[in-house]
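A.B. asks: Sharing a structure below in structure tokens format, with a few things to ask.
The values are calculated or read from the model by the stated rules, or taken from the named source; none is laboratory data. All values reported here derive from a predicted model rather than from experimental measurement. Don't worry about glycine lacking a Cβ; one is built from the backbone with ideal geometry, like all the others, and counts go over all protein chains shown.
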Ligand code: GLN
Ligand code: ZN
């Protein structure tokens, strides 16, 4: 018999209960007991849901108060010295200090670094190691949660992040050495945990090693093999090593020959690996087939998925096959049934975590000879309706994408010619000053926007409120002497959602939250159909701002790659096509801005880097269409119209060529936190166009002084041509207050003026 498994369930709760209690706890408004109580209730609720869906193998320890990698760090006692942990169980206070930093009494301890979990929008806390450090069991969470599940009547399969992936995701802090050198010190803790789990009754564990889908050194591959030689020898404990987010490719042999009982493979992201896996899987191993997409919100084509799973069953026998989602369902919202306001046609094409579990079970049942024909027929109808719906398919959009050619993506003249035309039209001083677009979103604005969105405020009143805000922003920018002012982005609460709401082909869920980090959740827009722009989206606001000044106002748009990257995307066409459709919509907006006499237009692309594929071999293809998409958006303008782009939280070194290929006239980048080190990439590459290295770190309320910013600019001047440099903050100011924004920007303008004076003399 084939069984069904789940690899992980969203933690937050349908109503984001965990978020609420966590934030209350941090504010001192909830106790540790409140926190434990809600957590316990959520775990029980989620185990029950999975059992009721008919899942045979239900995970435990997939729950986390903040992050599952941080949980591993506490499990193995990898607590950096600055938190003053003196052994024993890691306390809640230490745990949250590691996640969020701690300012209490005379203590001021910074948090651990956070970064993206593979190519998802989930962020994990990066483990920090010292050379030769030792590990010891410092949290029994995984054991406690197993016992808790058992007492509640569920014999769960505990989940751990595997030792090699855990180390590879971490960083050596001091004294050099390689993270993998720590493996011998780390393994005894894993052995101890596995022994303990076995002793309290666990019969199987899931150990996640997603790093097996990345490019790996031979040393790393040898580490995988040796780790499981040790861990796999615990009698009576069945280990499944889970891989996901891609194909095993050149790591396939190592993965399939680990000393464990089963391997999980992702057949959604990497359907093509099935034949190779089936051919190479040793006879004594079972295969967990990930055939329901854990990364998206679309209904599975269960007839097609069944055929895939059947191939595994035919090759291996039904006892050796387990049916599962492709990865943990952490990356999907909880329950589609809760979406009562969603367009019913589109809703019929979708599945959230709960619905995906039903699909897994339907597949398992069919493999075991109990195919529910009626449900399969219904699914087929939904899949068919999505394939052909006119809501999705817009021939003129498809034609337009097909017609994109060199002319579409190439500016009329070279940068040298354009910049001359721009200098003539814009008439800017040396080291022109500007901002990245947004100004503080004060509580009043948020309140008024929420009221308007709920229908409690007439559109005219809302618009005049926004105009009043813009008036104030324009007066302020005039006063301090910003050379290229912005309108302030008051009409948007989010740089992707705002555009999604104005474009055809997007829908929004009411409760489709997914965890981004800690208690922070995002509700990604859902791109379901061909994207196009029925009418102008921002022109009104930029034009209004322009009517208030003689200086050139900068129009503000979000770029196609960033809109793509921060949405749930279609699974029925390549990312490239969806991206180019968005790019055409942005192009139309760019041209409308130009027509409205906006001479400077910024297209933000902070997400370009995070869209990079997990494997180096796939980078070139992605970068090609990502660059083309940006150029589709931007290249239609006249020479005298200046295109800016903006990027942040990004290492540039290895993608410099592509950044230059965007051919933006000006790029602003985040640099102030790393004291302009980021600039090195631009200098080494001899970046030809204009650059605005951020001189004001907007992530903190600190007000940088004139001297401080002058210093940064002087640094930039050492390596860049003065005619090449712009002066701006690191990023948008929407999360800041005016109290600090006003003096900081005034200082920034003064710093630019001082340097101009010096250069002139
Ligand atoms: N224009 C956006 C803003 O100013 C850019 C935000 C970003 O880079 N993430 O808010
Ligand atoms: Zn930014």
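A.B. asks: Name the single residue, out of those in the range 596-610 being more than 8 Å from ligand 1 (Cβ to nearest atom) and touching a residue at least 60 places away in the same chain (Cβ under 8 Å), that is nearest to residue 726 (Cα to Cα).
C.D. replies: Going through the qualifying residues, I end up with 600.
A.B. asks: Which of (1) surrounded by fewer than 24 Cβ atoms within 10 Å (Cβ to Cβ); (2) out of contact with any strand residue (DSSP E or B) (no Cβ under 9 Å at 6 or more places or on another chain) is the odd one out, the single condition residue 609 does not satisfy?
C.D. replies: Going through (1) surrounded by fewer than 24 Cβ atoms within 10 Å (Cβ to Cβ); (2) out of contact with any strand residue (DSSP E or B) (no Cβ under 9 Å at 6 or more places or on another chain) one by one, residue 609 breaks only (2).
A.B. asks: Give me the residue from the range 632-651 that is more than 14 Å from ligand 1 (Cβ to nearest atom) and surrounded by fewer than 23 Cβ atoms within 10 Å (Cβ to Cβ) and, out of that set, nearest to residue 682 (Cα to Cα).
C.D. replies: So the residue we want is 651.
A.B. asks: I've got another one for you. Specify the residue that is modelled with the highest pLDDT; the eligible residues are those in the range 670-687 that are more than 16 Å from ligand 1 (Cβ to nearest atom) and surrounded by 14 or more Cβ atoms within 10 Å (Cβ to Cβ).
C.D. replies: Taking the candidates together, the pick is 687.
A.B. asks: Same structure again: Answer with yes or no whether residue 728 is farther than 21 Å from residue 442 by Cβ and in contact with a strand residue (DSSP E or B) (Cβ under 8 Å, 6 or more places away or on another chain).
C.D. replies: yes
A.B. asks: Within the range 652-669, take every residue that is within 16 Å of ligand 1 (Cβ to nearest atom) and under 21 Å from residue 625 (Cα atoms) and give me the one that is modelled with the lowest pLDDT.
C.D. replies: Selected residue: 652.
A.B. asks: Something else about it: Would you be able to tell me the number of residues in the range 433-445 that are in contact with a helix residue (DSSP H, G or I) (Cβ under 8 Å, 6 or more places away or on another chain) and part of a loop (DSSP other than H, G, I, E, B)?
C.D. replies: Qualifying residue count, the range 433-445: 4.
A.B. asks: Related question: What number goes with the only condition from (1) more than 29 Å from the chain's Cα centre (by Cα); (2) surrounded by fewer than 22 Cβ atoms within 10 Å (Cβ to Cβ); (3) assigned to a helix (DSSP H, G or I) that residue 309 does not pass?
C.D. replies: It is condition (2) that residue 309 fails.
A.B. asks: Output the number of the condition that residue 72 fails; it satisfies all remaining conditions of (1) in a helix (DSSP H, G or I); (2) in contact (Cβ under 8 Å) with a residue 24 or more places away in the chain; (3) over 17 Å from residue 122 (Cβ atoms); (4) touching a helix residue (DSSP H, G or I) at 6+ places or on another chain (Cβ under 7 Å).
C.D. replies: Result: residue 72 passes all but (3).
A.B. asks: Would you pick out the residues in the range 215-267 that are in contact with a helix residue (DSSP H, G or I) (Cβ under 8 Å, 6 or more places away or on another chain), assigned to a loop (DSSP other than H, G, I, E, B) and closer than 22 Å to residue 8 by Cβ?
C.D. replies: Once the filter is applied, which keeps residues that are in contact with a helix residue (DSSP H, G or I) (Cβ under 8 Å, 6 or more places away or on another chain), assigned to a loop (DSSP other than H, G, I, E, B) and closer than 22 Å to residue 8 by Cβ, the range 215-267 yields 237, 243, 244, 245, 246, 247, 248, 258, 260, 267.
A.B. asks: Could you list, in sequence order, all residues of the range 725-761 that are crowded, with 17+ Cβ neighbours inside 10 Å and not in a helix (DSSP H, G or I)?
C.D. replies: Residues satisfying the conditions are 725, 726, 727, 728, 729, 730, 731, 732, 733, 734, 736.
Yes/no matrix, rows are residues, columns are (1) within 16 Å of ligand 2 (Cβ to nearest atom); (2) more than 25 Å from residue 117 (Cα to Cα); (3) at pLDDT 95 or above; (4) surrounded by fewer than 23 Cβ atoms within 10 Å (Cβ to Cβ):
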{"site": "535", "(1), (2), (3), (4)": "no, yes, yes, yes"}
{"site": "548", "(1), (2), (3), (4)": "no, yes, yes, yes"}
{"site": "553", "(1), (2), (3), (4)": "no, yes, yes, no"}
{"site": "563", "(1), (2), (3), (4)": "yes, no, yes, no"}
{"site": "567", "(1), (2), (3), (4)": "no, no, yes, yes"}
{"site": "592", "(1), (2), (3), (4)": "no, yes, yes, yes"}
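A.B. asks: Which count do you get for residues in the range 694-725 that are touching a strand residue (DSSP E or B) at 6+ places or on another chain (Cβ under 6 Å) and either within 16 Å of ligand 1 (Cβ to nearest atom) or free of Cβ contacts under 8 Å to residues at least 40 places away in the same chain (or both)?
C.D. replies: 1
A.B. asks: Assess whether residue 587 counts as being buried (at least 18 other Cβ atoms within 10 Å of the Cβ), more than 16 Å from ligand 2 (Cβ to nearest atom) and outside any helix (DSSP H, G or I).
C.D. replies: In short, no.
A.B. asks: Another question about this same structure. For the range 174-208, name all the residues that are loosely packed, with under 14 Cβ neighbours inside 10 Å, in contact with a strand residue (DSSP E or B) (Cβ under 9 Å, 6 or more places away or on another chain) and over 24 Å from residue 265 (Cα atoms).
C.D. replies: 174, 175
A.B. asks: Considering only the range 384-409, state which residues are over 18 Å from residue 527 (Cβ atoms) and under 30 Å from the mean Cα position of the chain (by Cα).
C.D. replies: 402, 404, 408, 409
A.B. asks: Starting from residues that are closer than 28 Å to residue 579 by Cβ and surrounded by fewer than 21 Cβ atoms within 10 Å (Cβ to Cβ), keep the ones in the range 476-495 and report whichever is modelled with the highest pLDDT.
C.D. replies: 491
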